[in-house]
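Only one structure is covered here, and it is reproduced in the block below.
The values are calculated or read from the model by the stated rules, or taken from the named source; none is laboratory data. In this text the structure is predicted, and so the values were computed from the model without any measurement. Using ideal geometry, Cβ is built from the backbone for each residue, glycine included, and neighbour counts are taken over all protein chains shown. Areas reflect the complete protein model, heavy atoms only, side chains present, ligands, DNA and RNA absent. Shrake-Rupley method; radii C 1.70, N 1.55, O 1.52, S 1.80 Å.
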Amino acid sequence: MGVDVIGRALAAGARSDAARALAKAAAIDLFTNLAVQQVDAAVAAVTTGGYAQAGLGGATYIADALATAALAAAHPRFCKVSANGRYFRLAGDYVQVAQGGATGSGNDQPAIQAAVAYAAVVGIPEVRLLRLHESWQPTFPGGSPNALLGHHVVITGDVALVGAAGGTTITLKGQGGATRTKTDGTAAWYSGWLCYNGAGVTKAVLRDITVNGACTFTNVLVNTEANVYDKGILINDAYAANLARVEIRNCELSYFAGEIFYMGGTYASTTVFVENLKLHHSPQAAWNPGTLASVFAINLEAGDSYQPAETISGKGHAYVGGRFYNGFTSSFITTESFVVNYAYSYPNLTEPYPKWTRFEGTRFEGHSQVYLSSRTAGRMVMVDSGITLTNYGKLTDINLVVEAWCDTSNNGSIVTFNGIATTTTQVPSCPVGTFYETPRNIAVEINAKRTNAAIAAGRKWARGVALNGNLIDRDSCTFKVRGELTRASGVPAELFGSPPAGSQFPLVLWEADNARGFDVAFPTTNFSVATGICYLGINPQANGTFAMTLTNASNYAFAHGQRMRVLNSTGTGSGTSRQISMAASGAGYALQANRVLYMAGDYVDLEWDEDAAVWKEAAYVTRQQLVFTGSATYDAPNVASGAQTTTTVTVTGAALGDKVEAISLGIDAAGLVLTGYVSAANAVTVVLANLSGVAVNLASTTLSVIVARR
């Protein structure tokens, strides 16, 4: 039989003995006065009116097999001897810290620590707090230091720490009641609030507790003031190897110099569940469950820290709602990504461990970057925060919908994505021959938005996706971008950096109004321009029509179906005389007809056809009038068989070389054949030919003409 099974059996037996003893209970005033009380041998239990003062900490104490001199020596706040040598210990389903001397004023740390230690030894499952506590850091006991003894609370068994009805607030102080500082903790003497220690710890439960670490910092967005020995909650398999479950509800921790919530080691069989947990103000990480544990978090809030989140998503993380805010960076890295010095990460770990990180409406605010890696999915709301997809060896299986808001500042790229340099690049610290793999199976939808404040101040996102090329799996990587992006000069809407020649790009899809970026050509004569992703802005610098040729000098490899807009931006000058002509063929693209971009805003959308290895026309839009109409009342003369007659119709806008698309009469043409041509500016000559065998004399009618620009 295992030790834990024996322990549970003894604890159950002790609770049964306590229940039987209550029937024979005697009353005394205070538990601290037991030493001067004579307790008859027939009395199995005593009840008190308080611990050290009336009305505070009253309880029932029993004389059973666990109530011994050894227990009294180890836990004198909860087990004492009477004047006639009878030992009594606290009984019940929970320990109230007032039963160990806590009063809610002054230093309650010794009473809280004594309560959790006693509960762990005798098998009581819960310790309950008062509404308010001060907790002073324990005084170093001398001798060989034990780092964990510097914590305000060390729990060594399956003991839940529970706040009072309406919640408990604990304010931490340094040794002797001094103001805590960020330098209190050292490698030999930790200064954090809570840790778990011992083989008997299989679950860690916290509820309804607020802890103010009371450290202050100049700027939490830099980690120069960090002290990793001052953690809010420390969980490490080096101290509590058998921990199977962590459960935290309705708690808040703040103002620690190290990680506020920290897990270290492997913990491959551990589950972490948090609900309504708030962590804030640290020059280190607020939320750092960096193990293989599976994590499920509902309404987790972490922020005002150097890293609101620093995670390694071992057996899967799920975040429902919640908020990560005001940090330098946050990271959610799966174990199918290599991280130096983590032995349990790629490539040393295979299924079933590498799992997904999933977000459901999780909100990120005020980050320079949020780093994501393989097997990440769900819906994220980004406010003034960019995403970087990071390759630590593998970057695969990403499926995200991103709602990105521009709010209090101008922002750069919503998503940054890079390929790999070569397929034979060694992953650092991995076995020789472990190479970076080509990014694949990535799908990201982006909707760029602006708050009212951003609209009023003219703030926007600069780019939907920042790409830096290199090698990717083009067929399985897609980005869809819509919403409000800037037309900012100097930076294109979709391309970042200077991708090396031969770079590959994913499929980038965009809404029509998002194809905006900087101008890439400023012609004063016929010109050639290199291919880009999504957008080529052309800004003619002189009047005239300039022929454009498209080249791919850098040998970029585009995904099949990639769209690219060629836009006449005409940023300087005015008028319709600054034009760009694009031949139907022979100039690097295949169009349905010769096209002219007559004025600012005119464009041709091209789409890459990988099979034909050419950019094909997908759309042509111009604000130039391309169709002209005219009409006149016409009473044709009698036209003999085999003869013809002509007339002229005014068609304003028609020019020599334009094509007459249609001619119509308001009556039956009676066999006459109507043809026409532009004979002069604004004039179309219409020919009526009689190919029938009899003369035709039409009645007066309306003659209409349609002309199309060549």
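Just checking, does the range 533-556 include any residue being in contact with an Asp or Glu (Cβ under 8 Å, 6 or more places away or on another chain) and open to solvent by 20 Å² or more (accessible area, probe 1.4 Å)? No, the range 533-556 contains no residue that is in contact with an Asp or Glu (Cβ under 8 Å, 6 or more places away or on another chain) and open to solvent by 20 Å² or more (accessible area, probe 1.4 Å).
The sole residue among ALA91, ALA98, ALA67 that is touching a Phe, Trp or Tyr at 6+ places or on another chain (Cβ under 7 Å), open to solvent by less than 40 Å² (accessible area, probe 1.4 Å) and touching a residue at least 60 places away in the same chain (Cβ under 8 Å) is ALA91. Quick one: would you say GLU445 is among the acidic types (Asp, Glu), open to solvent by 70 Å² or more (accessible area, probe 1.4 Å), in a strand (DSSP E or B) and under 26 Å from GLY290 (Cβ atoms)? Answer is no for this residue. For the range 358-378, the set of residues classified as surrounded by 19 or more Cβ atoms within 10 Å (Cβ to Cβ), touching an Asp or Glu at 6+ places or on another chain (Cβ under 6 Å) and either assigned to a strand (DSSP E or B) or aromatic (Phe, Trp, Tyr) (or both) consists of GLY366 only.
Residues in the range 639-680 that are within 25 Å of ASN594 (Cα to Cα), among the small types (Gly, Ala, Ser) and surrounded by 12 or more Cβ atoms within 10 Å (Cβ to Cβ): 6 in all. Taken together, the residues in the range 500-515 that are at pLDDT 65 or above, touching a Phe, Trp or Tyr at 6+ places or on another chain (Cβ under 7 Å) and part of a loop (DSSP other than H, G, I, E, B) amount to 3.
Test each condition in (1) crowded, with 23+ Cβ neighbours inside 10 Å; (2) touching a Lys or Arg at 6+ places or on another chain (Cβ under 8 Å); (3) modelled with pLDDT under 95 for TYR267 and report the one that comes out false. Here TYR267 clears every test but (2). Among the residues of the range 541-549, are any modelled with pLDDT under 80 and more than 26 Å from ASP611 (Cβ to Cβ)? Checked against the condition, which is being modelled with pLDDT under 80 and more than 26 Å from ASP611 (Cβ to Cβ), the range 541-549 yields no hits at all. Tallying residues that are open to solvent by 10 Å² or more (accessible area, probe 1.4 Å) and either assigned to a strand (DSSP E or B) or of a type in the set (D, E, K, R) (or both) within the range 296-313 yields 8. Residues in the range 393-411 that are in a strand (DSSP E or B), open to solvent by 30 Å² or more (accessible area, probe 1.4 Å) and either at pLDDT below 90 or β-branched (Val, Ile, Thr) (or both): 1 in all.
With respect to the conditions (1) surrounded by fewer than 21 Cβ atoms within 10 Å (Cβ to Cβ); (2) aliphatic (A, V, I, L, M); (3) farther than 15 Å from PHE479 by Cα; (4) touching a residue at least 40 places away in the same chain (Cβ under 8 Å), VAL381 falls short on a single one, namely (4). Here ASN288, ASN219 are screened, and the one residue that is over 28 Å from THR376 (Cβ atoms) and either in contact (Cβ under 8 Å) with a residue 24 or more places away in the chain or open to solvent by 10 Å² or more (accessible area, probe 1.4 Å) (or both) is ASN219.
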